[in-house]
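The values are calculated or read from the model by the stated rules, or taken from the named source; none is laboratory data. These numbers were taken from a predicted model, which means no experiment stands behind them. For neighbour counting, all protein chains shown are included, and Cβ atoms are generated from backbone atoms with ideal geometry for every residue, glycine included. Just the protein is used for accessible areas: all its heavy atoms, side chains included, with ligands, DNA and RNA removed. Shrake-Rupley method; radii C 1.70, N 1.55, O 1.52, S 1.80 Å.
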Amino acid sequence: MIIPQTVIREMINQAQQDAPIETCGYLLGTSGADGDVVTENYWMENIDHSEEHFSFAPKDQFAALKYARSKGLKILANWHSHPASPSRPSQEDLRLANDPTIRYAILSLHEGIHLNSFKIVGAQVVDKEIHL
């Protein structure tokens, strides 16, 4: 999955503004012969307002899907920040990753800024991509 620097900067800004609370959203874009290309970050409220986990607001999920369809985009990944831990899925992240058709991106602000995305199937990481 290709994530342009402009989108990564937007994700970082969002994560820094919302810290120490985890922030979250969808990465929208297109799929083609060259793979998945992210074109937009779609911010969603973390209704848990937690430093250790997140939940999307259902209203935001529906709005994101409607928006993506109206623009001819796909939801390529869901993403969230780890303000105080590394860019790797927690046990809870693995347990809740129930859509094997998308990637799960984690932006860490812990010990520098790191962005990785993961393909998770059956609560197991089957692929990792390093983006930053």
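Of all lysines in the structure, the ones whose alpha carbon falls short of 28 Å from that of Lys59, not counting any fewer than 8 places away in one chain, are Lys71, Lys74, Lys119. Only DSSP H runs of four or more residues enter the estimate; each adds -39500 (n - 2.57), and after division by the residues of the chain the mean residue ellipticity at 222 nm equals -8000 deg cm²/dmol. Accessible surface area normalised per residue over the chain is 54 Å², counting heavy atoms of protein chains with a 1.4 Å rolling probe.
Ratio of the range 1-58's C-alpha Rg to 2.2 N^0.38 Å, to two decimals? Show your work: numbers first, answer last.
On the way: Rg = 12.7 Å, N = 58, 2.2 N^0.38 = 10.3 Å.
The reported ratio for this selection is 1.24.
Set against the 2.2 N^0.38 Å expectation for a compact globular protein, the chain has a Cα radius of gyration ratio of 0.96.
Only Cα pairs under 8 Å and 6+ residues apart enter the sum, and on that basis the relative contact order of the chain stands at 21 percent.
Candidate cross-link partners of Lys66 among the aspartates and glutamates, defined by an alpha-carbon separation under 15 Å and a same-chain spacing of 8 or more, comprise Glu40.
Computed extension gain for Glu51 through Asp34, at 0.36 nm per residue and net of the alpha carbon distance, reaches 2.5 nm. As a fraction of the 1.4 Å probe accessible area of the range 1-92, surface on carbon and sulfur atoms comes out at 52 percent.
At R0 = 25 Å, how high is the FRET efficiency between Ile12 and Ala63 if r is their beta carbon distance? Nearest 0.05 is fine. Efficiency at R0 = 25 Å is approximately 0.60.
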